[in-house]
Amino acid sequence: MSRARVARRIAAGAAYGGGGLGLLGVAAVGVVLAEVQLAKRSVGGGVAPLPPAADGLYGRGFDGVPLRLALLGDSTAAGQGVRRAGQTPGALLASGLAQVAERSVELRNVALPGARSDDLERQVTLLLAHPGRVPDVCVVMIGANDVTHRVPLTASVRYLSEAVRRLRDAGAEVVVGTCPDLGTIEPVYQPLRWLARRLSRQLAAAQTIVVVEQGGRTVSLGDLLGPEFAANPREMFGVDNYHPSAEGYATAAMAVLPTVCAVLGVWPEPERLEADRREGLLPVAVAAAEAAAEAGTEVTGARAPWALLKHRRRRRLTESTTAPESPGAEAPEVGP
């Protein structure tokens with residue numbers, strides 16, 4: 001069965017309440033789970049610090065009402081593994097968005113380390129508790145813990161679909177960084193590395209389908225950090241040798257920022273498709289499968305059942321050198 005058909009089957013199962021796990025099945029997922037947990041124990045030696053608080057206002061000196069940016073998801077969205085607020089994905093995205101949009105950005109991060117997709121309901125409720133302060137754009141990073149805790153793929157994407165629907169109904173734009181490729185974890189050896197990669201990509205592709213159907217956009221995180229981890233494992237891993245380091249988070253944020261800017265209409269590049277970047281209009285399931293296989297790929301809904309596949313140029317992000325200030329106070333300068 002093709003990758004696109006598998007992704008569509010999982011997405012359809014989510015819509016109709018199915019509980020299938022896809023091609024790998026329960027036994028394979030259990031094997032992957034055991035191996036990933038072993039990897040966590042075997043490569044550690046350090047304990048990842050709790051994510052530093054990065055909420056606040058970024059972009060001093062810009063006029064106008066601040067843009068509101070929210071992050072939801074798991075430890076990747078929270079920034080577990082780094083010690084400074086400016087190194088977290090939220091801070092990097094907020095400072096980058098402020099520079100591109102030339103407006104201050106108010107960041108709120110409700111992501112929870114260890115969270116699975118079923119926690120998105122709670123996180124969305126927190127964000128929407130004050131109707132007058134709905135985020136302009138929400139970035140969601142979720143999925144790895146669903147794989148390692150054997151959450152049925154259909155259930156996982158159903159939770160995500162509902163979260164995106166609620167955010168879109170409230171008026172927020174949504175960008176989802178899809179499930180990363182667990183096959184990039186170095187201590188996971190073949191054939192288990194292949195199984196982890198297969199399941200991660202199945203979930204990422206299904207996530208893309210349901211997000212696009214709800215009016216959101218996705219960016220594939222996939223094996224984005226794979227080459228960097230392989231070449232510079234000490235630089236790309238955090239102190240626990242499992243979560244990304246500051247450089248790892250910056251790499252992921254660079255991939256997501258262009259889509260965050262584009263969804264708000266502030267990305268400086270034209271929105272036309274460029275054939276030399278292998279961009280095009282494809283059936284949603286095909287676009288989802290291709291994106292899952294190539295990190296950094298954006299998928300945006302077009303007229304059903306079509307989607308736009310784009311590869312945007314990345315912008316280098318640098319850590320903010322000062323801590324964010326609470327909303328309403330003067331904000332710190334941020335890196336370009």
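The values are calculated or read from the model by the stated rules, or taken from the named source; none is laboratory data. Please read all numbers here as calculations on a predicted model, not as lab measurements. Counting neighbours? That spans all protein chains shown, and the Cβs are built from the backbone with ideal geometry, glycine included. Accessible surface is based on the protein model in full, side chains and every heavy atom, while ligands, DNA and RNA are left aside. Shrake-Rupley method; radii C 1.70, N 1.55, O 1.52, S 1.80 Å.
Being open to solvent by less than 30 Å² (accessible area, probe 1.4 Å), under 22 Å from the mean Cα position of the chain (by Cα), at pLDDT 80 or above and farther than 30 Å from R158 by Cα, is that true of even one residue in the stretch 62-74? Explain how you work it out, then say what you get.
Of the stretch 62-74, the ones open to solvent by less than 30 Å² (accessible area, probe 1.4 Å) are 67, 69-74.
Imposing the further condition that a residue be under 22 Å from the mean Cα position of the chain (by Cα) reduces the set to 67, 69-74.
The next check asks that each one be at pLDDT 80 or above; those that pass are 67, 69-74.
Pick out the ones that are also farther than 30 Å from R158 by Cα and you get none.
For the stretch 62-74, residues open to solvent by less than 30 Å² (accessible area, probe 1.4 Å), under 22 Å from the mean Cα position of the chain (by Cα), at pLDDT 80 or above and farther than 30 Å from R158 by Cα: absent.
Could you identify the single residue in V82, V105 that is among the β-branched types (V, I, T) and at pLDDT 95 or above?
Numbers: V82 fails: at pLDDT 95 or above.
The unique qualifying residue is V105.
Name the single residue that is nearest to G90 (Cα to Cα) among those in the stretch 102-137 being surrounded by fewer than 20 Cβ atoms within 10 Å (Cβ to Cβ) and small (G, A, S).
Out of the qualifying residues, it is G114.
Do the conditions hold for V140, that is, is it among the β-branched types (V, I, T), touching a residue at least 24 places away in the same chain (Cβ under 8 Å) and open to solvent by 10 Å² or more (accessible area, probe 1.4 Å)? Give the steps one after another, and end with the answer.
On the way: among the β-branched types (V, I, T): yes; touching a residue at least 24 places away in the same chain (Cβ under 8 Å): yes; open to solvent by 10 Å² or more (accessible area, probe 1.4 Å): no.
No: the conditions fail for V140.
Looking at the stretch 89-102, is at least one residue more than 18 Å from the chain's Cα centre (by Cα) and charged (D, E, K, R)?
First, the residues of the stretch 89-102 that are more than 18 Å from the chain's Cα centre (by Cα): 98-102.
Narrowing the set further to residues that are charged (D, E, K, R) leaves 102.
Scanning the stretch 89-102 turns up at least one residue that is more than 18 Å from the chain's Cα centre (by Cα) and charged (D, E, K, R).
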